[in-house]
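What follows is a short report on a single structure.
The values are calculated or read from the model by the stated rules, or taken from the named source; none is laboratory data. This is a predicted model, so every value here is computed, not measured. So basically every Cβ, Gly included, is an ideal-geometry build from the backbone, and we count neighbours across all protein chains shown. The accessibility values were calculated without ligands, DNA or RNA, using every heavy atom of the protein model including side chains. Shrake-Rupley method; radii C 1.70, N 1.55, O 1.52, S 1.80 Å.
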Amino acid sequence: MLENNISTVNNDVKTLVKDAQALFTAATALTGEKAEELRGRGMRALDTALAKAHEAQQSAVAAGKQMAQTTDAYVKENPWRSIALAAGVGLLVGVILGRK
């Protein structure tokens, strides 16, 4: 779910930035009110992109905190399993690194 959300936000931000770039490119060829209107639209598109990126960052931080809390609770409830799991992972990494 988080990966889909991040992917969607990433695509939205890319689209908004491309739209803003197109608006700024068009505004360079124009003068007067029309150019100001296009620059304003471009700035609003960039502001929207920044807001979406900030939302994605907040969502990722919240998900990370939730995973940390879940892991902490699991370790506190199952200390010996956690030790065995950590030892197993350490052994596996050691064997893999020892072969290279």
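Taking the criterion of being among the basic types (Lys, Arg), open to solvent by less than 70 Å² (accessible area, probe 1.4 Å) and out of contact with any His (no Cβ under 6 Å at 6 or more places or on another chain), would at least one residue in the range 66-79 satisfy it? Looking for residues that are among the basic types (Lys, Arg), open to solvent by less than 70 Å² (accessible area, probe 1.4 Å) and out of contact with any His (no Cβ under 6 Å at 6 or more places or on another chain), one finds none in the range 66-79, hence no. Taking each residue of the range 42-60 that is open to solvent by 100 Å² or more (accessible area, probe 1.4 Å) and looking for partners that are part of a helix (DSSP H, G or I) with beta-carbon atoms closer than 7 Å, six or more apart or interchain, yields GLU55/VAL9.
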